[in-house]
Amino acid sequence: MEVVVLPTYAEMSRAAAAVVAEVLNEKPNAVLGMATGSTPLGLYQELVRKHREEGLDFAQVSSFNLDEYVGLQPTHPQSYHHFMHENFFKHVNMAPGNIYIPSGTTSNYQAFCQWYERRIEECGGIDVQILGIGSDGHIAFNEPGSSLSSRTRLKTLAKPTIDDNARFFERPADVPIYAITMGVGTILEARTLVLLANGKNKSSAVAAMVEGPVTSMVTASALQMHPSARVFLDEPAAAELKMRDYYDWVMKKKPGAPKT
Ligand code: PGA
């Protein structure tokens with residue numbers, strides 16, 4: 001796992017966007033794994049800027065989103081369909097037919113989940129998966145206790161996640177309690193993982209993910225098993241890391257390392 005700590009949210013977002021842009025420049029028909037939430041907004045803004053100002057091309061790109069709330073129509077302002085359209089897709093030149101987001105309104109969740117997994121495979125697998133982390137250490141909606149080899153499925157959300165999400169809904173009764181989510185096993189099959197975390201409220205989840213044991217109680221800790229996981233943090237999110245000096249040292253020495 002590579003841990004990169006940057007002074008600000010903006011720098012963290014730019015560094016993560018550079019990784020995604022590098023993949024797209026090398027492979028114009030790359031498959032991206034997309035995440036929602038407040039964390040990746042800066043990354044999406046930077047990718048949009050690169051598209052507008054530097055010609056970063058999404059014409060052949062496909063994308064698969066991690067998750068969606070069950071019961072929300074794609075047009076619902078809090079649906080992840082709506083989020084992705086407003087914050088990213090409508091600003092770049094992706095082909096609508098190449099955009100995949102789990103359905104929160106299918107009549108057959110099991111069949112949909114199997115189809116979603118098959119589509120990822122048929123598209124060649126995910127090249128770079130963008131991730132956030134929940135304050136309970138989840139990735140996507142893989143709540144504590146989720147199998148580390150889980151696949152795309154329906155999931156009941158944990159209380160802390162429902163509470164975290166409540167700020168986006170008018171009434172507590174409106175906050176969804178089920179979601180459809182890629183599994184930890186699905187996520188681990190992406191060729192590169194880019195996880196972002198910012199803010200003090202993520203610092204203990206980040207420390208558990210990077211330096212704690214691999215456990216289904218912190219599904220983000222499964223990143224320790226991935227051969228190419230890159231974690232981008234701002235200072236407050238990195239506050240509880242014990243090996244912080246080493247991570248900084250590694251990054252400082254990286255340019256001089258023998259080329260592999
Ligand atoms: P956030 O959500 O980016 O809104 O903090 C992250 C997550 O729960 O995965």
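Being touching a Pro at 6+ places or on another chain (Cβ under 6 Å), within 30 Å of Asn201 (Cα to Cα) and in a loop (DSSP other than H, G, I, E, B), is that true of even one residue in segment 136-157?
yes
Looking at segment 182-220 only, could you name the residues that are in contact with a His (Cβ under 9 Å, 6 or more places away or on another chain) and in a strand (DSSP E or B)?
Thr192, Leu193, Val218
Would you check if Tyr80 is within 16 Å of the ligand (Cβ to nearest atom) and either in contact with a strand residue (DSSP E or B) (Cβ under 8 Å, 6 or more places away or on another chain) or at pLDDT below 95 (or both)?
Yes; evaluated as a whole, the condition is true for this residue.
Show the residue pairs meeting these rules: Cβ distance below 8 Å; 6+ apart or different chains; first residue within segment 28-41 and within 16 Å of the ligand (Cβ to nearest atom); second residue among the aromatic types (Phe, Trp, Tyr).
Gly33/Phe64; Met34/Phe64; Met34/Phe88; Thr36/Tyr80; Thr36/Phe83
Can you go through Leu188, Leu154 and tell me which one is more than 10 Å from the ligand (Cβ to nearest atom) and farther than 28 Å from Arg244 by Cα?
Checking each option against the conditions leaves just Leu154.
If Ile130 satisfies all but one of (1) in contact with a Leu (Cβ under 9 Å, 6 or more places away or on another chain); (2) assigned to a loop (DSSP other than H, G, I, E, B), what's the number of the condition it fails?
Ile130 satisfies all of (1) in contact with a Leu (Cβ under 9 Å, 6 or more places away or on another chain); (2) assigned to a loop (DSSP other than H, G, I, E, B) except (2).
Somewhere in segment 224-234, is a residue in contact (Cβ under 8 Å) with a residue 40 or more places away in the chain and assigned to a loop (DSSP other than H, G, I, E, B)?
yes
Can you go through Val92, Val128, Val175 and tell me which one is in contact with a His (Cβ under 7 Å, 6 or more places away or on another chain) and either under 21 Å from Thr219 (Cα atoms) or not acidic (Asp, Glu) (or both)?
It is Val92.
If we scan segment 32-51, do we find a residue that is of a type outside the set (Phe, Trp, Tyr), surrounded by fewer than 21 Cβ atoms within 10 Å (Cβ to Cβ), touching a Leu at 6+ places or on another chain (Cβ under 9 Å) and outside any helix (DSSP H, G or I)?
No, that holds for no residue.
Just to check your reading of the model, which residue among Gly97, Gly71, Gly104 is at positive phi and of a type outside the set (D, E, K, R)?
Of the residues listed, the single one that is at positive phi and of a type outside the set (D, E, K, R) is Gly71.
Restricting the search to segment 87-104, which residues are crowded, with 17+ Cβ neighbours inside 10 Å, away from the ligand (no atom under 16 Å from the Cβ) and not small (Gly, Ala, Ser)?
Residues satisfying the conditions are Phe89, His91, Val92, Met94, Asn98, Ile99, Tyr100.
Could we say that Thr181 is modelled with pLDDT of 90 or more and away from the ligand (no atom under 12 Å from the Cβ) here?
When the stated conditions are applied, Thr181 does not pass them.
Name the residue that is farthest from Leu41 (Cα to Cα), counting only residues in segment 130-147 that are in contact with a helix residue (DSSP H, G or I) (Cβ under 6 Å, 6 or more places away or on another chain) and more than 7 Å from the ligand (Cβ to nearest atom).
Here the answer is Ser146.
Please state which of the following conditions Asn29 fails to meet, knowing it meets all the rest: (1) assigned to a helix (DSSP H, G or I); (2) farther than 17 Å from Asn87 by Cα.
Status for Asn29: all satisfied but (1).
The values are calculated or read from the model by the stated rules, or taken from the named source; none is laboratory data. Please read these numbers as outputs of a predicted model, since none were measured by experiment. Positions of Cβ are backbone-derived with ideal geometry, glycine not excepted, and every protein chain shown enters the neighbour counts.
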